[in-house]
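**Student:** Before we start, here is the structure in question, set down as structure tokens.
The values are calculated or read from the model by the stated rules, or taken from the named source; none is laboratory data. Treat the numbers as computed from the prediction; the structure is a model and nothing was measured. Ideal geometry is used to build each Cβ from the backbone, glycine not excepted, and the neighbour counts take in all protein chains shown. Note: areas computed on protein heavy atoms with side chains; ligands, DNA, RNA excluded. Shrake-Rupley method; radii C 1.70, N 1.55, O 1.52, S 1.80 Å.
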Amino acid sequence: MKSYHTLDEIQKDIRLGKISCKALVEHYLSNIKVHSDLNAFVEVYSSEALQRADIVDVRIKENRAGKLAGLIFGIKDLICFQDHKISGASKILQNFESQITATAVEKLLQEDAILIGRQNCDEFGMGSSNENSYYGPVKNALDQSKVAGGSSGGSAVAIQADMCQISLGTDTGGSVRQPAAFCGIVGLKPTYSRISRWGLLAYASSFDSIGIFSKSIEDNARVLEVIAGKDERDGTSSSKTVPAYSQELESKKPFKVAYLREALETEALQPEIKTAIETQISNLKAAGHTVESVEFPLLDYILPTYYILTTAEVSSNLSRYDGVRYGHRSSAVSDLESLYKNSRTEGFGAEARKRIMLGTFVLSADYYDAYFTKAQKARKLIKVATEKILSEYDFIIIPTTPTTAFKLGEHTKSPIEVYMADLFTVQASISGLPALSIPVGNDDNGMPIGLQIIAAAFEEGKLFAFSKNLIQTI
Ligand code: GLN
């Protein structure tokens with residue numbers, strides 16, 4: 001079976017009787033098997049997906065199928081599906097079964113999309129290379145010696161290697177956009193609160209967002225319009241009306257676009273990425289858009305602000321995994337303290353332990369003001385400065401990542417080098433703004449380059465319409 005670029009094409013062929021949901025599921029299951037060495041899935045729901053496909057095929061025949069019939073999707077191992085395992089790629093939740101289904105998943109299922117499996121990721125979403133997973137690293141399908149990106153690496157590679165049509169990932173500081181860039185696909189982090197977080201394992205709650213991986217802008221828009229919206233079970237979810245994004249993809253309007261001079265001048269930027277972004281800027285100008293450079297002197301503060309705030313939140317969020325209520329319990333226990341200590345030491349991986357300790361430190365009474373309060377203030381300044389740019393411009397464009405996918409193991413000794421991979425993605429996260437990564441070419445080794453486009457809050461529709469003209473064929 002050919003690999004389909006969009007759900008539209010799939011649904012057309014279903015209507016013409018050329019394919020069925022069952023044949024699609026079989027196709028993806030066979031790809032998952034062929035590419036098992038990429039380590040993208042931690043669990044595949046083979047028989048359930050096939051059974052569901054039969055049901056949806058009947059519904060299609062009887063003309064009562066939902067609008068996503070024919071869509072086969074996967075979910076990151078941080079998103080709940082009732083009565084199925086969920087582990088956050090951590091030993092601490094090994095064999096834990098979810099008692100709820102995430103709202104986003106529920107909404108996709110209600111529209112007859114079919115869930116094919118659970119995808120590998122960095123432990124609780126902490127990482128930029130998918131090397132912090134209990135299940136081992138995910139490999140980039142274009143070059144298996146390279147990382148997939150993280151933390152939603154399995155979800156990105158599943159799209160890259162055609163193991164499903166859509167993946168739901170999570171993005172706290174870039175975990176959808178960064179692996180999308182490394183794998184040459186489309187990755188959206190919507191506005192904070194646009195998609196309910198109900199059923200998402202918390203990493204840093206004031207940043208966490210479910211995000212969407214796809215091959216096309218069209219599919220991303222179609223999925224967002226189904227899963228976005230108010231949910232009584234997530235008090236932070238927005239009640240703003242959800243537009244029909246997929247109906248608003250045509251936009252020829254000349255836009256005002258800003259790019260951050262500091263981002264293009266930073267030494268950390270790989271030269272081919274700089275060239276690719278400069279080419280985009282010239283193309284946009286030639287197409288009649290206004291493109292201007294703006295200053296963003298706060299760029300150096302973005303990463304420290306992000307890592308102080310998220311480690312603080314993670315130390316609090318992960319305190320629930322204590323060996324008592326759920327998850328791994330150590331057998332080397334003599335009293336309550338050793339139960340907590342040994343269960344957590346054995347259950348969490350090195351990166352999670354490091355961040356919990358760092359977060360506990362920045363929240364401790366003596367250092368709270370010096371770190372946490374200061375970082376909150378810096379967050380506000382970064383948000384205000386970013387929003388100011390977006391009050392004058394329609395979009396900010398910035399590389400998604402400073403480098404293309406790096407070698408597995410290359411940065412494992414130096415966490416700072418890995419944290420640098422988030423240099424350009426955390427700005428939108430700190431500010432709660434929607435941002436999309438699209439592929440715009442390759443480096444000299446053929447590895448994909450991502451362009452990131454940031455818009456004002458709730459302007460996902462505008463983001464899609466603008467990006468559709470820039471994307472380069474995957
Ligand atoms: N790489 C970043 C981190 O480790 C972002 C992760 C994410 O967005 N979940 O925090």
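**Student:** For a test of the definition: using alpha carbon positions, the gyration tensor, and the 1.5 limit on a/c, classify the stretch 364-474 as rounded, prolate or oblate.
**Tutor:** Details: a/c = 3.40, a/b = 1.18, b/c = 2.89.
The shape class here is oblate.
**Student:** Skipping prolines and chain starts, which residues have an amide H placed within reach, meaning under 5 Å, of the one on ASN442, given they are 5 or more residues away or on another chain?
**Tutor:** ILE449
**Student:** Expressed as a whole percentage, what fraction of the accessible surface of the chain belongs to carbon and sulfur atoms when a 1.4 Å probe is rolled over the protein heavy atoms? Don't jump to the answer; show the numbers that get you there.
**Tutor:** Details: 9240 of 18320 Å².
Its accessible area is 50 percent carbon and sulfur atoms.
**Student:** Would you work out the charge dipole size for the chain about its Cα centre, treating the Cβ of every Lys and Arg as +1 and the Cβ of every Asp and Glu as -1, and quote it to the nearest 20 debye?
**Tutor:** On the way: 51 positive and 57 negative charges, 122 e Å.
The calculated dipole for the chain is roughly 580 debye.
**Student:** Does the stretch 177-246 classify as rounded, prolate or oblate by the C-alpha gyration tensor (a ≥ b ≥ c root eigenvalues; a/c under 1.5 gives rounded; else a/b over b/c gives prolate, otherwise oblate)? Don't skip to the end; give the middle numbers.
**Tutor:** Values: a/c = 2.68, a/b = 1.30, b/c = 2.07.
Here the stretch 177-246 falls in the oblate category.
**Student:** Taking the radius of gyration and the Kirkwood hydrodynamic radius from Cα positions alone, what is the Rg/Rh ratio for the stretch 43-200, to two decimal places? Present the calculation step by step, with values, prior to reporting the outcome.
**Tutor:** Details: Rg = 15.3 Å, Rh = 15.7 Å.
Rg/Rh: 0.97.
**Student:** One-quarter of the Cα convex hull surface for the stretch 264-395, in nm²?
**Tutor:** That works out to 12.1 nm², a quarter of the Cα hull's surface.
**Student:** Next question, about the same structure. In Å and whole numbers, how far do the C-alpha atoms of the stretch 30-135 stretch along each principal axis, longest first?
**Tutor:** Its Cα atoms span 46, 31, 23 Å along the three principal axes.
**Student:** Another question about this same structure. Assign one of three labels to the stretch 334-421, namely rounded, prolate or oblate, based on the Cα gyration tensor with a ≥ b ≥ c the square roots of its eigenvalues; rounded applies when a/c is under 1.5, prolate when it is not and a/b is larger than b/c, and oblate otherwise. Mind showing how you got there, number by number?
**Tutor:** Details: a/c = 3.34, a/b = 1.49, b/c = 2.24.
Judged from the Cα gyration tensor, the stretch 334-421 comes out oblate (a/c at least 1.5, b/c at or above a/b).
**Student:** I'd like the distance separating the alpha-carbon centroids of the stretch 56-112 and the stretch 147-173, in whole Å.
**Tutor:** The distance from the Cα centre of the stretch 56-112 to that of the stretch 147-173 comes to 16 Å.
**Student:** Between ALA287 and residues 5 or more places away or on another chain, which pairs have amide H atoms under 5 Å apart, with H built 1.01 Å from N, and which residues are they?
**Tutor:** Counting only residues 5 or more places away or on other chains, the set is empty.
**Student:** Another question, if that's okay. Straight-line reach from LYS380: which lysines fall under 28 Å, measuring Cα to Cα and dropping same-chain residues less than 8 apart?
**Tutor:** Correct list for LYS380: LYS189, LYS230, LYS240, LYS256, LYS354, LYS388, LYS462.
**Student:** Now for a different question. Give the total of Lys-Lys pairs in the stretch 1-84 with Cα-Cα distances below 16 Å; include a pair only if its members are 8 or more places apart or on different chains.
**Tutor:** 8
**Student:** Can you give me the three principal axis dimensions of the stretch 58-97 from its C-alpha atoms, in Å, biggest first?
**Tutor:** Per principal axis, max minus min of the Cα coordinates gives 45, 16, 10 Å.
**Student:** Ok, one more. State, to one decimal in nm, how far the label point of ALA286 lies from the label point of VAL324, with both points 7 Å from Cα in the Cβ direction.
**Tutor:** The modelled label-to-label distance comes out at 6.5 nm.
**Student:** If you don't mind, there's one more thing I want to ask. Quick one: Karplus J couplings for the stretch 256-263, per residue in order, coefficients 6.51, -1.76, 1.60, θ = phi - 60°, nearest Hz, x for Gly and Pro?
**Tutor:** 9, 10, 10, 10, 8, 4, 4, 5
**Student:** As a check on your grasp of the helix formula, calculate [θ] at 222 nm for the chain: sum -39500 (n - 2.57) over DSSP H runs of n ≥ 4, divide by the residue count, round to the nearest 500. Numbers along the way, then the final one.
**Tutor:** Numbers: 16 runs with 179 residues, N = 474.
Roughly -11500 deg cm²/dmol at 222 nm, from the helical runs in the chain.
**Student:** For the stretch 149-154, in order, what is each residue's ³J(HN,Hα) by Karplus, 6.51 cos²θ - 1.76 cosθ + 1.60 with θ = phi - 60°, in whole Hz (x at glycine and Pro)?
**Tutor:** Values, residue by residue: x, x, 8, 8, x, x Hz.
**Student:** Amide H of GLY117 versus every other amide H placed in the peptide plane: which residues, excluding those fewer than 5 positions away on the same chain, fall under 5 Å?
**Tutor:** TYR45, ILE75
**Student:** How large is log10 of I(q)/I(0) for the stretch 162-319 at q = 0.18, 0.20 Å⁻¹ when the intensity is taken from the Debye formula with one equal scatterer per alpha-carbon?
**Tutor:** -1.37, -1.42
**Student:** Can you give me the Cα centroid spacing of the stretch 430-469 and the stretch 289-368 in angstrom?
**Tutor:** 29 Å
**Student:** A further question on this structure: What is the Cα coordinate range of the stretch 141-224 on the first, second and third principal axes, sorted by size from largest, in whole angstrom?
**Tutor:** Reported extents, whole Å, longest axis first: 35, 26, 18.
**Student:** So, one more: Can you compute log10 of I(q)/I(0) for the chain with the Debye formula, treating each Cα as one identical point scatterer, at q = 0.06 Å⁻¹?
**Tutor:** Summing over Cα pairs of the chain leads to -0.24.
**Student:** Now for a separate question. Work out the P(r) tail for the stretch 228-328: percent of alpha carbon pairs separated by more than 24 Å, whole number.
**Tutor:** Working: 3048 of 5050 pairs.
Here the tail beyond 24 Å accounts for 60 percent of pairs.
**Student:** Could you give me the ³J(HN,Hα) list for the stretch 155-164, computed from phi with Karplus coefficients 6.51, -1.76, 1.60 and θ = phi - 60°, whole Hz, x at Gly and Pro?
**Tutor:** 5, 6, 5, 4, 7, 4, 9, 6, 9, 6
**Student:** Right, another one. Using the heavy atoms of the protein chains alone and a 1.4 angstrom probe, what is the accessible area of the chain per residue in square angstrom? Could you put the intermediate results ahead of the total?
**Tutor:** Details: 18320 Å² over 474 residues.
The answer is 39 Å² per residue.
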